[in-house]
Amino acid sequence: MPPRSLIIHNPDGKAVGEERARSGELAVPIKLRDQILGILDVQSNITGALTTEDQLLLEGLCGQIAIAMQSTQLLEEANTFRQVIESSGQGIC
């Protein structure tokens, strides 16, 4: 099953291993097709502040972030290819 976003409500505000307390957290995978590129993690110190509407908004945003990451990678690859061709002195016909 592909990773889904997750909303956590922590009413007592205790975060294990962290100095600051948080009452809510929303973690959304940044994925392109079946590949996870990263995680967008939003935290709040207000209990119940993060909703399913926030989840839907962030899931859409993560889709756009994934596309931007892929576009950047493709542009870098094209620039590297262009530099190799230019340095070889052959050019593209």
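Every residue, every condition in (1) free of Cβ contacts under 8 Å to residues at least 60 places away in the same chain; (2) in contact with a strand residue (DSSP E or B) (Cβ under 6 Å, 6 or more places away or on another chain); (3) over 19 Å from Gln73 (Cα atoms), yes or no:
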site	(1), (2), (3)
Gly24	yes, yes, yes
Ala27	yes, yes, yes
Lys31	yes, no, no
Leu37	yes, yes, no
Ser44	yes, yes, yes
Ala49	yes, yes, yes
Thr52	yes, no, yes
What is the one condition in (1) open to solvent by 100 Å² or more (accessible area, probe 1.4 Å); (2) assigned to a helix (DSSP H, G or I); (3) among the aliphatic types (A, V, I, L, M) that Ile39 does not satisfy? (2)
Every residue in segment 43-93 that is under 28 Å from Arg33 (Cβ atoms) and of a type in the set (Gly, Ala, Ser), please. Gly60, Gly63, Ala66, Ala68, Ser71, Ala78
Given the criteria surrounded by 12 or more Cβ atoms within 10 Å (Cβ to Cβ) and assigned to a helix (DSSP H, G or I), does Leu57 qualify? yes
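The values are calculated or read from the model by the stated rules, or taken from the named source; none is laboratory data. Small disclaimer: the values here were computed from a predicted structure and weren't measured. Counting neighbours? That spans all protein chains shown, and the Cβs are built from the backbone with ideal geometry, glycine included. To get the accessible areas, we keep the full protein, side chains included, count just its heavy atoms, and leave off ligands, DNA and RNA. Shrake-Rupley method; radii C 1.70, N 1.55, O 1.52, S 1.80 Å.
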